[in-house]
Structures are given as C-alpha cells and as structure tokens.
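Undergrad: Below are the structure tokens for one structure; questions will follow.
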Amino acid sequence: MRGEHLEKKTRRRITGGSLAEELRHSLYLFGKNKLAVIGLVLLIAMVVVTIFAYQVAPYPSAATQTNFTDRLRSPSSEHLMGTDEAGRDVLSRIIIGARVSLPFAFVIVLTSMAFGMPLGLIAGMFGGKLDNLIMRLADIWIAIPQIIFALAIAAFLGPSLINSVIAIAFCAWPWHARFIRSEVLHIREETYVEAAQSIGASRLYVAVREVLPNAFIPYIVKITTDLGYAILLLATLGFLGLGAQPPTPEWGTIAGAGRTFLPEIWWISLFPGVAIFLTVLAFNVVGDGLRNTLGVEEM
Amino acid sequence: MPETMLELKNLKKYFYLKRGALRREAGVVKAIDGISFSVEKGRNFALVGESGSGKTTVGRNIVRLYRPTEGEIWFNGEEISKAKGRKLKEIRRKMQMVFQDPASSLNPRRNVRSIVSTPLDIHGIGTRGDRLKRVKELLNDVELSEDYMYRRPTVLSGGEKQRVAMARALASNPILIILDEPTSSLDVSVQAKILTLLEELQKKLDLTYLLITHELSVVRNFTQDTAVMYLGKILERSTTNEIFNNPLHPYTKTLLSSLPVVFDEELALLPKTTPLPDASTRQLFSAAGCRFYTRCPECLGEKCAAEEPPLTEVAKGHFVACHKCL
Amino acid sequence: MSETILQVKDLQITFQVFEGLAKVIDGVSFELKKEEVIALVGETGCGKSLTAKSILGVLPPEAKISGGVINYRNQNLLKLDEKGWRRLRGKEIAMVPQNPMISLDPLLTVGDQLIDLMNLQDQPDISLFSYYARRSEITKERDTWAKATRMLEDVALKPADRVMNSYPFQISGGMAQRVCIAMALSGNPSLLIADEPGTSLDVTSQKVILDLLNEKIRERGLSVIFITHNLGVARQIANRILIMYAGCIAEAWEADKIFREPLHPYSIGLKKAIPTLLLTKMIGIPGRVPSYIDPPVGCRFNTRCPYAMEICRKVKPELVMVGDGHEVACYLYKGQRG
C-alpha cells in the first residue's frame, strides 16, 4: 500500500549489518529486560554446574553410595539440604541430577524438532492433501493431553529414563509441526519469496533458503520455553515412578521418593521441586526476553 | 524496425472464491478481464492504474507467478502462458521483475551478495568463483560499492535496497524487465537517481522495460507507450505523448486532472474535469456495462450502463473504450 | 489575520538509540499565523513528522525535547503536564493521522468511536470506569449520536447512518480518511496538524480528500500545519512552504514562489529532481542523508552541497530573512554571521 513505508520507518541501524553487529545489537536489547538477564545468568550457572557437577557437589558419591547411618537428617551445616532415606546428601543429588534433567530435556526437544520441523515445513510448503494429512494426524495427537499421553506410553514401554524421554518426544512433535507450518504459511506470502519464485526457484530452494531462516527466529523462542516444559514433564514422570528409576538422581524421581516421608520430613521433596521451579522459570523468562529482542528485529 | 518483445492477447485472470467445507464457488473476482497490448523492443511501456485496476496482477501473470485463466502471452516469439518445468525456467532467465516496496522484496536474513546471487544459484550459472565476480560486476552496474556485499537489507536505505533488487534482476541477463512501482516508496531525489540509473542500464544492456505504476509524472518522463487500466480492463492505449497531450477517455482525463503538480506551467497542460466520488472497493459485479459507469462524469446514461464499449482505434495507434469518444 | 498563533523557536529533539544519542531536530524555528496554512515538506527521515508530534506532545518515549520553545497562544507547551495537554488536544490542537485504516479501532464501529471521542472531549478528567457505566446516559444527554452523524455529513459521508454503524474494515480508505478528518474537527480546534493525509490513497481519492480539507479549512478559518513529502500537494494546499532537511529548515517562502526561484542548494536539487509533465530532465541529489548520531559539523547539507565552503563545515547557518517573507539557511546569501 502506498504510504506504508512512511510509517513503518524501521529505525534503521546505521552500523554494519553483518551477523556480528546484529548479535551485539540483540544482546543490547536483551540486556534491557532485567528479568530475562537474571534468567539467563541462572541458566548459565546451571550449565556450568552441570558440567562440573562432581567437582561442585559437596558429596560427589551421593549419586550412588548409600550411608544408612546418616539417613533422614534435617538440613544442617554439613548437609545443607539434609539427607534422604538412603543417607545421601540431597544437595549433591540435586546438583548431580542436573546432569540428568538438562541434557535429556535437550534430547527431548531435539527429537521433537527432528520430526516436527520437517513435517511442518512440508505441510506448509505443499499444502493440499499432504498438508491435510499431516495436520489431521497432528490433531489426533494433540487431542490427547500431553501428560496423560506421555504417561501411557511410558507405562507401556516400561518405567525408565530412556523410555520416558522417548514417550515425551513422541507426544511433542505436533506442536512443532503446527508452529513451523503457521510460520511457513505466513512467510510464503512475503514478497521476497515471490521474487525467488519469479526467478525460477524450486520449492526446495524456497523452503530452505528463503523460508526456513526466517521461520527460525520465532522458533527459537518456542524451543526455549519447550526446554522448560520438557524438564517439567520428565520430572512428572519421574515423580510418578514411570521415569528415571532410583538410584538415578533425576529431580522428579528424588521428589517422588521423598513423598512417603511427608510432611515431617519435607526436605527431600521440596528442594528438587525448587530446582525444577527455578529452571523452568529461567527458561520461560529467557524465552520471553528473546521474544521481545527478536520481535523488535522483525519490525 | 520494431520487434515485438511481449504481446498479451485477451489475457484474463479470475480468482474464484470458495466457501464452505465442500469448497463451493461463492463468487469470482475478475482481476483481469481481457487485456491486450504489445511491448516493442527498446520502447518502454507503461501500464497505468490505481489500486484495484489489476495492473499488478498483469505483471504477476507475465512472470507466471499466477497462471492465466484465459488468453495468450507471447514472449520473444513464444507462447508462454502454459509453459512448465524446465521450459518455464529458461523463460524466466530472460524476463525479470523488480518488485514494489524493496523492503519486503529482499529477504532480511540474507546478505546482499547472497540476494544478488540468487538467479545465478537457481540457474546454476558459473562456478562459485564466477558468481562472486559476477556479483561484484552487478553491484558496480547499479553503482554500489563492494562494501555492500555482506550487509543485510535492514541497514540499507530505500534507494540502496532498490539497487540491490535491480542487481538481482540483471543477474541472469534478461531482455525484458518488469518494474512494479519501482519508485513509489522512494523520495523524490532518490527516485530521480534510480530512474537515471535505469535509463543508463537500458542503453548499456539493451533492455526493455514494462513499467507498472500509478505515478503519471514518472510515466511521462520514462516511457514511450502507455495503457490505462481500470477494474481489469484497458480503457485507453496509445503512445505516451498522445495520452498526455490528447487524452480521450474520461477516466484518463480524471487521472490527469488529479495530479498535484508543482509548477504553474504544468497546470495548463492538465485537462479539466469534475471530481468524482470515492471508488468503492467492490470488485465483484455482474453488470454488463462500462466499468467506469458508476463514476464517469461524462456518462451517456443508459447506453453506458447496458453495453460495454469495446476498445476501438479512433486515431492512428490510439485506442479508447468509450461510447462518448466514438 | 496576521496574529501569530503558534511559535516554534530553536526546537531540539534527541533520540536515545543503540548506537548512541541521535540529535534529530537541531534548531527548528517557524511561526504560524492565524488562518494560515503552512506545509512542512521534506524527504523521509527529515523530522517533519517529529516536529508536528512535538506540538501535540505525542513524541515516542525514546525521544526527548532537549531545547527550544513552543508557544501556542503565548502558552509554553513544553511546560505542560498531562492534564494541561488533555485540555489542549482535540479542543485546540487536533491531528489528522497519516494512515486512517490503522488509526481507527478495528473492534468498534465508527459511530461508537466518534461518540466516545465527542463525549470524552468535554470531560477530560472523568475516569474510564464511570464513563462506561454512564455511557448511554451521557450520550442521550448530550445528543451525541445526532452530533456525530452531522459531523459525518459535514465531511460528505452519506448515508451517514450507514457509516455510523459500520466497522472500519467495511469502509474504504477514502471514507476512513474522512472519518479521521471528522474526528479531528469534532472538537472545534483552532490548529490542525495534517500528517500526510491521502498518501495511502489513490491519486483520484487523494484529490477528493485534499479538496475536502481545503473546504473545511476555509470554512472554519483553521490554522494548519500540513506535513507531506509530495511537493505538488504542498503547492496546492499551502500558503507557505517550509523545506526541511536532516532536522533543520533549509528554506521557507510562499508556496507559489518557492519552486520558481529556490535559493537553498537543497531546494534547487529538489526542483531538478521532480518529474514534471514538461519533460524536464530529472537529476538526483548525489550522496545520502547523514546519520543523526554523527551529523556533519556546521550545515548538515555540506556533504552533498555543490557550493560548500569552509564555513559551511564549521558553523551551522541560521535561518534568516532575505526578502519579502523569504527565509534561507545558507551562507551563500547575505544576512549570515561570519
């Protein structure tokens, strides 16, 4: 429409334009959101802790070695978060547990992406019957609440960490597919896609070189929040006994094992819960911050 | 000797509206309803019209972003309206389009080098080294320095973006370039530079332009032939000189008299007509009469409402679709 | 007739952006007399919209007025608080926005929007809650429906009832523009700011809108600041044209004279670039608009000016009178210091 250029006067960045410049600019915008920065710091701290878990944990052997003389001690200066029913230091278990929750949450999300993204891309680019087929399939999947679906699959496969990962990834692909498909449908209408088509681009070229790079930006935001949700689901299954099995120190599993001792012995279930809470919160605020940062760029 | 580069014969493009779960046809938008004109090599042709006239749709039909509903498109001696696959790809090398609004016609996630190289990549022209050289050549042609190669469109000005779009259009050595409102979003001083550049490129590379626009003052200075469109039909067609010096159709006269001119000398050149009410945005109609009937200040009444005037030659090379002008 | 209604003196506006502080408006001064129509003309980014917005007090949050004075009827607008602004906006100073389709609330009918506007205009301090609680009463008391309908008829929107009951997506761009004009005029302002009205419309619709505006301006004796990048439109509607470049006024004169004999090198460049029906050759202005973060020292046009001298690169020229109502900011003409 004529005159549109006059209002959407993108505050054109005067410097550079290379990837490095863009990243710096994004960091600057991100930094303006205090909550997001706190979340990011928290996440970075968690990653560091995960890598150096065995060095950071006060009782590195707590992952496996039991010590029944020290069982069920309340939080003290020796055991900041108390000990559990097998005498293991809860704090150490939580720190080592990060090595389970975080990496496996990534695995879950990556697996869902591996299935959901191509399907969404195909559905969006091809349209017609193929699109219909994929979307109706996705609809069926989504009709079942994710937690219950994951529970059922995990119960079917047998309780274990790997199986719970499979179960969650299996249920999550439609959300990715739908998201990518909706982005693709939107981006397909853009003039630069038309330009590529008028030059003679094949559908594959358009999908990979024009559409995908643009679809990825909002996708990154979704993935970030997905990571938080994956951790939550993993913990849920663990709590119910269908996920990681003791003695694996997965946060949900620890909390679940401590359930029988509530409410007098509260520290075994509470602290893993706090860990889950903080992690998911961190992912969510970082995702929010990213949304604002990248959203501004989209303008 | 005039050589016809592009010829449209009775081109039609209808968009069907489908409603309901069974996708039943609920109505039709006749975006283009029988357009015919020809573009001679070396003579720039302007397709003039306001929004809703269908001029943009014509452009998109020519580059086959849409498939025509009916009619023929002859390009360089071949009929291309039904071409597919490899044949279509070959044709596309020779015919390129520069889009309106350079901001959205350049992918914000790609840099200038990658954008300009797009036709080379798609048609597999040259090796990687060749393509880099060609991109540098093209940037030089559009008067952008090499520093621009790794920049993203978001940091370019409107004029620079349009130059990048042009460089991209020139990459595959086309013979016809369709310019869809190339300067509408640009400032006056930048517009002049872009138009000058287009003229130079035309001389240097032996190009022909089809200009699709609503800016009459640009048409006056840039083209040799003009056709005026309204609601999917051509109402008047002739050389640019004739259209401006001797406009016949009431719509053409209205367009010209609405031009906000800067210099008093120009005012004398404008025809005098009475102003019209706003155009309604309705394009779905079943009336069999003249398309301009609802707004025409010189309408003859019943005849114009009942019968659509055919495009007839009233003077040498000057075609009008109007009962009053016959 | 020659009473000054608005005075802008040495206005400075800065923006805080990623790369630093952008000094966008750098010393803009002009006067608007009663019943005069002036046009602020310039290319994208020259600051004309920003100047107008500062007169209404609706600058974006990153912008700050770092200097200068805006006097409306001897009242310094820059010292107004929100309450003071609310009494002024709509009743004394009104704006016709650029793109009518996005300036209207898509979720309310035209009638509802007009009625709310007119009701709230007389009671700027009422709380929204109490307003909505008593809305139908207030409307009946003040006979707002009839008044709103009359406003629409005044801008040649017939049948007014049908438009009152339509949603913005049901009316055309030209009709929406008229609605916005009706809204602007509903408070009986003395000063009207028109921000590129008609640019989003077709040329035939634009002409109709401009004719309508002209009629209303004359009818009501409005003083108008007209913002546009279209020199032809400025010529048709304004008494006086002010040409802006990079946040400064380069030249100002009567509309029918300025393009005949422009003095400022930028104005001369513009004149040469305009495509006309006279088949004059179009020549662009070399170079590009300077960055506001690091603007050129002295005259902001010095990077592109074919006549740039030593002093142009050192000290910014002032806008001085060089002949009957003709002002230029350029060292080529006498009246400048140094």
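The values are calculated or read from the model by the stated rules, or taken from the named source; none is laboratory data. Being a predicted model, the structure only gives us computed values, none of them experimental. Note that we place each Cβ from the backbone using ideal geometry, even for glycine, and neighbour counts take in every protein chain shown. The protein model used for the area step is the full one, side chains on, heavy atoms only, and it has no ligands, DNA or RNA in it. Shrake-Rupley method; radii C 1.70, N 1.55, O 1.52, S 1.80 Å.
Undergrad: Taking into account only those residues within segment B:123-134 that are surrounded by 15 or more Cβ atoms within 10 Å (Cβ to Cβ) and without any contact (Cβ under 8 Å) to a residue 24 or more places away in the chain, which is nearest to the other protein chains (Cβ to nearest Cβ)?
TA: The qualifying residue nearest to the other protein chains (Cβ to nearest Cβ) is B:R131.
Undergrad: Let me ask something else. Just checking, how many residues over segment A:246-270 are open to solvent by 40 Å² or more (accessible area, probe 1.4 Å) and either in contact with a Lys or Arg (Cβ under 9 Å, 6 or more places away or on another chain) or among the charged types (D, E, K, R) (or both)?
TA: Residues meeting the conditions: 3.
Undergrad: Under the condition of being more than 14 Å from chain A (Cβ to nearest Cβ), modelled with pLDDT of 90 or more and touching a Gly at 6+ places or on another chain (Cβ under 9 Å), which residue from segment C:164-187 is farthest from C:E43 (Cα to Cα)?
TA: Checking each candidate, the answer is C:N165.
Undergrad: Now a separate question. Inspect segment C:89-96 for any residue being in contact with a strand residue (DSSP E or B) (Cβ under 9 Å, 6 or more places away or on another chain) and of a type in the set (G, A, S) and give the result as yes or no.
TA: Scanning segment C:89-96, I find at least one residue that is in contact with a strand residue (DSSP E or B) (Cβ under 9 Å, 6 or more places away or on another chain) and of a type in the set (G, A, S), so the answer is yes.
Undergrad: Name the residues in segment A:200-214 that are under 11 Å from B:T118 (Cβ atoms), free of Cβ contacts under 8 Å to residues at least 12 places away in the same chain and either touching a Lys or Arg at 6+ places or on another chain (Cβ under 6 Å) or open to solvent by 40 Å² or more (accessible area, probe 1.4 Å) (or both), would you?
TA: Selection gives A:G200 alone.
Undergrad: Considering each residue of segment C:97-117, count those that are within 14 Å of another protein chain (Cβ to nearest Cβ), open to solvent by less than 10 Å² (accessible area, probe 1.4 Å) and among the hydrophobic types (A, V, I, L, M, F, W, C), and give that number.
TA: 0
Undergrad: Could you please find all residues in segment B:230-249 being assigned to a helix (DSSP H, G or I) and either open to solvent by 10 Å² or more (accessible area, probe 1.4 Å) or at pLDDT below 90 (or both)?
TA: If the condition is that a residue be assigned to a helix (DSSP H, G or I) and either open to solvent by 10 Å² or more (accessible area, probe 1.4 Å) or at pLDDT below 90 (or both), then B:N241, B:E242, B:F244, B:N245 are the ones that fit.
Undergrad: Looking at A:G39, is it more than 29 Å from the chain's Cα centre (by Cα), away from chain B (no Cβ under 14 Å), buried (at least 18 other Cβ atoms within 10 Å of the Cβ) and within 19 Å of A:F277 (Cβ to Cβ)?
TA: no
Undergrad: Hey, any hits in segment B:278-288 for a residue that's touching a Gly at 6+ places or on another chain (Cβ under 8 Å) and either modelled with pLDDT of 75 or more or among the small types (G, A, S) (or both)?
TA: yes
Undergrad: Same structure, new question: What are the pairs with Cβ atoms under 9 angstrom where one residue, in segment A:149-178, is within 24 Å of A:V221 (Cβ to Cβ) and the other, located anywhere, is outside any helix (DSSP H, G or I) and small (G, A, S)? Sequence gap at least six, or different chains.
TA: Final answer for the pair search is A:V165/A:G243.
Undergrad: Also: Identify all residues within segment A:105-138 that are without any contact (Cβ under 8 Å) to a residue 12 or more places away in the chain and assigned to a helix (DSSP H, G or I); write none if there are none.
TA: Selection gives A:L110, A:A114, A:P118, A:G128, A:K129, A:L130, A:N132, A:L133, A:R136.
Undergrad: Still on this structure: Quick one: what pairs do we get from segment B:98-115, first residue at the interface with another protein chain (Cβ under 8 Å from one of its Cβ atoms) and farther than 20 Å from B:L132 by Cα, second crowded, with 20+ Cβ neighbours inside 10 Å and of a type in the set (G, A, S), C-beta under 7 Å, 6+ apart or different chains?
TA: B:F99/A:A195; B:F99/B:S105; B:F99/B:A165; B:D101/B:S185; B:S105/A:A195; B:S105/B:A165
Undergrad: Out of segment A:200-218, which residues are assigned to a helix (DSSP H, G or I), more than 7 Å from chain B (Cβ to nearest Cβ) and not aliphatic (A, V, I, L, M)?
TA: The answer is A:R203, A:R209, A:F216, A:P218.
Undergrad: For segment C:118-128, name all the residues that are touching a residue at least 24 places away in the same chain (Cβ under 8 Å) and either part of a loop (DSSP other than H, G, I, E, B) or open to solvent by 60 Å² or more (accessible area, probe 1.4 Å) (or both).
TA: C:P124, C:D125
Undergrad: On to the next question. Specify the residue that is nearest to B:F222 (Cα to Cα); the eligible residues are those in segment B:250-273 that are more than 11 Å from chain C (Cβ to nearest Cβ) and at pLDDT below 85.
TA: Result: B:P271.
Undergrad: Which of the strands (runs of 3 or more DSSP E) found entirely inside segment C:1-88 contain at least 2 residues meeting this: in contact (Cβ under 8 Å) with a residue 12 or more places away in the chain and open to solvent by 60 Å² or more (accessible area, probe 1.4 Å)?
TA: Fully inside segment C:1-88 and qualifying: C:4-17, C:20-33, C:63-72.
Undergrad: Something else about it: Give the residue, chosen from A:N292, A:N284, that is touching a helix residue (DSSP H, G or I) at 6+ places or on another chain (Cβ under 9 Å) and at pLDDT 90 or above.
TA: A:N284
Undergrad: Among A:L157, A:L185, which is the only one that is away from chain B (no Cβ under 14 Å), surrounded by fewer than 22 Cβ atoms within 10 Å (Cβ to Cβ) and either in contact with a His (Cβ under 7 Å, 6 or more places away or on another chain) or modelled with pLDDT of 90 or more (or both)?
TA: Of the residues listed, the single one that is away from chain B (no Cβ under 14 Å), surrounded by fewer than 22 Cβ atoms within 10 Å (Cβ to Cβ) and either in contact with a His (Cβ under 7 Å, 6 or more places away or on another chain) or modelled with pLDDT of 90 or more (or both) is A:L185.
Undergrad: Being among the small types (G, A, S) and outside any helix (DSSP H, G or I) is the filter; apply it to segment A:142-199 and report the residue that is farthest from the chain's Cα centre (by Cα).
TA: Once the filter is applied, the top-ranked residue is A:G158.
Condition check ((1) open to solvent by 80 Å² or more (accessible area, probe 1.4 Å); (2) closer than 21 Å to A:S269 by Cβ) across all residues:
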residue: A:V47; (1), (2): no, no
residue: A:Q55; (1), (2): yes, no
residue: A:P60; (1), (2): no, no
residue: A:A63; (1), (2): no, yes
residue: A:T69; (1), (2): yes, no
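Undergrad: Moving to a separate point now. Name every residue in segment C:196-219 that is touching a strand residue (DSSP E or B) at 6+ places or on another chain (Cβ under 7 Å) and more than 9 Å from every other protein chain (Cβ to nearest Cβ), in order of residue number.
TA: If the condition is that a residue be touching a strand residue (DSSP E or B) at 6+ places or on another chain (Cβ under 7 Å) and more than 9 Å from every other protein chain (Cβ to nearest Cβ), then C:P197, C:L213, C:I217 are the ones that fit.
Undergrad: For segment B:11-32, check the following and say yes or no: at least one residue is touching a helix residue (DSSP H, G or I) at 6+ places or on another chain (Cβ under 8 Å), free of Cβ contacts under 8 Å to residues at least 60 places away in the same chain and of a type in the set (K, R).
TA: Yes, the conditions are met somewhere in segment B:11-32.
Undergrad: Looking for something within 14 Å of chain B (Cβ to nearest Cβ) and assigned to a helix (DSSP H, G or I) - is there at least one such residue anywhere in segment A:219-242?
TA: Scanning segment A:219-242 turns up at least one residue that is within 14 Å of chain B (Cβ to nearest Cβ) and assigned to a helix (DSSP H, G or I).
Undergrad: Something else: Of all strands (runs of 3 or more DSSP E) completely enclosed by segment B:10-91, which ones contain at least 2 residues that are open to solvent by less than 40 Å² (accessible area, probe 1.4 Å) and β-branched (V, I, T)?
TA: So the answer is B:24-40.
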